[in-house]
Amino acid sequence: METLQFAVRTVAEAFETLGTSESGLASAEARRRLLRFGKNEIRERVMGWPILLVRQFRGPYTALLAGAAALALLAREPVDALTIFIILALSAFLGFFQEFRSEHTLRKLRTLVPHMVTVRRDGAERSLRREELVPGDVVIVTDGDIVPADLRLTVSQGILLDESVLTGESIPVPKDVSPASGPSLSLSDASCVLFQGTTVLDGRGEGVAVATAHNTIFGEVANRAAGVIRPSRFEENLRRFSRFVLGIVAFLLMLIFGAHILVRGPSVNVPELALFIIAIAIGIVPEALPVVTTVTFAAGARMLARKHVVVRRLSAVQDLGDIDLLCVDKTGTLTENRLTLRSVDSSRPEECRLFALLASSPGARRRSATGSSFDIALWREATSEEHAEHDQWKRVWEIPFDPERKRNAVVAERGEKTLLIVRGALETILERSGTLAGSGGDRPLDSAAREMLGKNARSAGERGARVLAVAARSVNRQMRYSDTDERELTLVGLLFFEDPLKPTAAAAVRLAREIGVQVKILTGDAPEVAGAVGRELGILSATERVPTGAEVRSLGEDELRALAERTHAFARLEPKDKYRLLEIFQERHTVGFLGEGVNDAPALAIAHVAVVVQGASDVAREVSDVILLDRDLHVIISGVKIGRKVFANVIKYLVFTMSANFGNLFTIAVISVISGFLPLLPAQILLANLLTDIPMIAIATDRVSSDELRRPRRFQIRGLAAAMLVFGMVSSLFDFIFFGAFRTAPEPVLRTLWFLFTLGTEFAFLFVLRTRRPIFRAAPPSRAIVVSTLGAIAATAIIFATPLRALFHFVMPGGWSLLAISGLTAAAFLVTEVVKNAYYRVFGENGEKA
């Protein structure tokens, strides 16, 4: 039956139609329905192996290779054409293998963070995976949840929905259990239906699932309702860099083609020249970049997963490394999020603790979610004698805690004794108290006593403690009580609670400072508590004050900008305050924001990197980039270091491959124009490119020196271009030296030796440019780099020792020739190392003046 038809049915009719009740389904029936209706999931577009394989043959690089093969056939060079097709197949297989592995990694990571829902089955509440939900299940939702299926509401406690994902209307929609009065044909008419994908903004509700998966309204419009995918800053930079490279390539190719036509005139072989130019283009373009970035990000994601950090998109691995400002709520990240009773300020401390227990929520004794953190702390530390004393009292009336009242009240009886107990904020309890409990009896609560109590509470607050005041008075037994009975109380004492710092918090803050990450506290808690935590961790100075949300809202843009830059903690913030602060922070910083509640969703949505904890609300998780399985700041900072390692390795690849490619191929192009001779055949250029790409892909696994992790590094096209020019000139210099030494050799010999020299210098470049440090002080290369380099050398040896040598038009080189190019390669290695050290001393890591 369609979802909207349930909007005109009563709750009883809905239960009857679906064959269920308010107690929920039996487990056996739920299993049968799961087989019948299938899993409750909107299937994502899965990248299966056929799609991944086909994708390898798309894009400009494949087009260039295919064009080169076609030109080779036109030029009646079937061996060259076959070689190009083999290289094309090998490149496609390599890319397919790496992307398939990365897709598998990402799917595996997603299973680490299941979406759980609360249902009632067999008459009891239980938590299960969202995909196990079936029609007829009774589902319980609360604020911050994303509705897991289409539900006919059966119980409503002030429930308020955001249905903008379906309707585009941002105004909150109230819901109740009453059926619509007439046929319901639109979403707005269905006031008793909660639609899958919408967000619970406030309240609590229960509903029976009437449709799941693709049978829901959301399932029908899933393509339109899909969230916007935010490209990462790194992806945007890579796109800009690709456009820059393609622009240079197009210019150089036109220049080379024109120069050949100008110098050689009518004698030029156009198909051969076109094939040569396409080979040069393929050699210049960093065609392994997509594979390198994918492999590097996937390796980073796996490292993060081992540290209990799950990325929801691979590029978020690098985005983590880009962070230089991290905004966190202190609770649960810097502190344990577990209040502990530290002390009692009372002349009758046992009585104070007992009265506080009597006024606590019954659920707190079982450590359930219905107890406040104060209540759970009281029961955790209650003695067996206090348990026994508590059980002799009977609770007969209560007013739950209300943020407006800032207190709760309970009436408890024991024998002939009836007590009204009130707990809450000190100021509201003082207003209703007239006496103060003493060891020798009660005494008037005069101004001096009030001042002393206030001073003690403020002093405790400055140390980060929370204060709970407890007062009581005897009352007569009666049928009903009201808040007007909360008067002439006797203040029994003050309880001081603390949320202890995590053992790792101080070390994490120090580590963040060492790697250039500022930590700012953005919390809804009191400024005294935020200040105490910030000062204890060294985030705040001893004299730095903590502004509140009210101050944030009162300031203009320029004033707030100045305050935001110099201030490291803000308190009593509302969601709109966090959003506004993040907008300002992001003008000058790359900002990570750690949140968990529905009130954090707006700030998470605009943060450069949105981080949530595993227990975050559904809506917060949906807009996140990174999910922490452990609530620990140290985990985030470790993630930042891994992100920076990923970035460093991608930049290594770009600096190396662009420098070596431009240097070698610039020389080849110039010599071909001057001499009318092709120093390398197209197939030889492509083979050299393939063999050097093997260790290049392994750069994803390379070690990174500690100084490269100390601060975020920016993607600077100007810096990459400068490095490409400087190191490319070194490469070209030795290519010209080589050509000068062997220019009189026969063409097959010259091409063979140039091919081997090109491989040798590129491998030398790899080991020099993989680190900015002097090579003798650098971390050793990873095993994968060493093994893959040896593998490429072994593959070269196999080619020369088999008939493949003739296929590529090589000849067997002489011993003296090999010795000469080995010496030139060693000289290129040493000169490149000297130039590298001088370059980074003068220009810094990004190629700009240090």
Karplus (6.51, -1.76, 1.60) ³J(HN,Hα), θ = phi - 60°, over region 777-785, in Hz, Gly and Pro reported as x: 10, 7, 5, x, x, 5, 4, 4, 5
Could you bin all the Cα-Cα distances of region 343-497 into 10 Å bins starting at 0 and give me the percent of pairs in each, rounded to whole numbers? 11, 43, 38, 9, 0
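Pull out the extension gain between N456 and I261, defined as 0.36 nm times the separation in residues minus the alpha carbon to alpha carbon distance; nm, one decimal.
On the way: separation 195, 0.36 × 195 = 70.20 nm, distance 9.13 nm.
Net length gain for the segment: 61.1 nm.
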By what distance, in whole Å, do the Cα atoms of region 763-818 stretch along each of the three principal axes, largest value first? 42, 25, 15
Determine the equivalent ellipsoid of region 645-744 by diagonalising the alpha-carbon gyration tensor, then write out the semi-axes as square roots of 5 times the eigenvalues, largest first, rounded to whole Å. 31, 15, 11
Note: K406 to Q478 extended length (0.36 nm per residue) minus current alpha-carbon separation gives 23.4 nm
Quick one: which residues, 5 or more positions from S343 or on another chain, have an amide H under 5 Å from its amide H? H modelled 1.01 Å from N in the peptide plane, none for Pro or chain starts. F496
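For region 721-834, just say rounded, prolate or oblate: build the C-alpha gyration tensor, square-root its eigenvalues into a ≥ b ≥ c, call rounded for a/c under 1.5, and beyond that prolate if a/b exceeds b/c, oblate if not.
Details: a/c = 2.32, a/b = 1.38, b/c = 1.68.
Oblate is the answer for region 721-834, as a/c is 1.5 or above yet b/c matches or exceeds a/b.
Say R0 is 22 Å: what FRET efficiency, to the nearest 0.05, do A806 and F93 get from their beta-carbon distance?
Numbers: r = 25 Å, r/R0 = 1.12.
Efficiency, from the Cβ-Cβ distance: 0.35.
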Counting sequence-distant residues (5 or more places) and residues on other chains, those with an amide H built under 5 Å from that of S315 are none
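Assuming R0 = 56 Å, what is the FRET efficiency of I717 and D176, from their Cβ-Cβ distance, to the nearest 0.05?
Details: r = 57 Å, r/R0 = 1.02.
Taking R0 as 56 Å, the efficiency between I717 and D176 is 0.45.
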Pairwise label distance in nanometres, R36 with E574, each label 7 Å out on the Cα-Cβ vector: 4.9
Sorted by chain and number, the residues with a modelled amide H under 5 Å from that of V613, at a separation of 5 or more or across chains, are G595, L628
Links that overshoot a 25 Å alpha carbon limit, given the list K330/K406; K520/K641; K175/K394; K578/K652; K175/K406: K175/K394; K578/K652; K175/K406
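What FRET efficiency comes out for K394 versus H308 if R0 is 45 angstrom and r is the Cβ-Cβ distance? Round to the nearest 0.05. Kindly include the intermediate steps, with their values, before the conclusion.
Working: r = 46 Å, r/R0 = 1.02.
So, using R0 = 45 Å, E works out to roughly 0.45.
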Could you list the residues of region 740-757 with an amide nitrogen less than 13 Å from a label point located 7 Å from the Cα of L830 in the Cα-to-C-beta direction? none
Residues in region 469-502 near a label at E413, defined as backbone nitrogen under 12 Å from the 7 Å Cα→Cβ point? 476-480
Region 114-155: radius of gyration over Cα atoms, expressed as a fraction of 2.2 N^0.38 Å: 1.06
A chain fully extended from R510 to V270 at 0.36 nm per residue, minus the present Cα-Cα distance, gains in nm 80.0 nm
Burial-style ranking of 795-803, 534-542, average other-beta-carbon count within 10 Å with highest first, yields 534-542, 795-803
Which whole-Hz ³J(HN,Hα) couplings does region 381-391 yield from phi under the Karplus relation 6.51 cos²θ - 1.76 cosθ + 1.60, θ = phi - 60°, glycine and proline marked x? 9, 6, 7, 4, 5, 5, 4, 5, 5, 4, 5
Set Lys and Arg Cβ to +1 and Asp and Glu Cβ to -1, take the dipole of region 343-497 about its Cα centre, and tell me which of V475, L445, T428 lies farthest positive. T428
Rounded to whole Hz and in sequence order, give me ³J(HN,Hα) for region 429-437 from the Karplus expression 6.51 cos²θ - 1.76 cosθ + 1.60, θ = phi - 60°, writing x for Gly and Pro. 6, 4, 4, 10, 10, x, 9, 10, 5
Give, as ranges by residue number, the residues of region 529-546 whose backbone N falls under 19 Å from the point 7 Å along Cα→Cβ of R463. 529-538, 542-543
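Based on alpha-carbon atoms only, what is the radius of gyration of region 516-655 relative to the globular estimate 2.2 N^0.38 Å? Let's see the in-between values first.
On the way: Rg = 15.8 Å, N = 140, 2.2 N^0.38 = 14.4 Å.
For region 516-655, the normalised Cα radius of gyration comes out at 1.10.
Could you rank the peptides 3-12, 130-139 by their average count of other C-beta atoms within 10 Å per residue, with the highest value first? Walk me through the numbers before you get to the answer.
Details: 3-12: 19.6, 130-139: 22.6.
Ranking the peptides 3-12, 130-139 by packing returns 130-139, 3-12.
Laboratory data are not the source of any read-out in this text; all were calculated from the coordinates shown. Since the structure is predicted, the reported quantities are computational estimates derived from the model, not experimental observations. All Cβ positions, glycine included, derive from the backbone under ideal geometry; neighbour counts span all protein chains shown.
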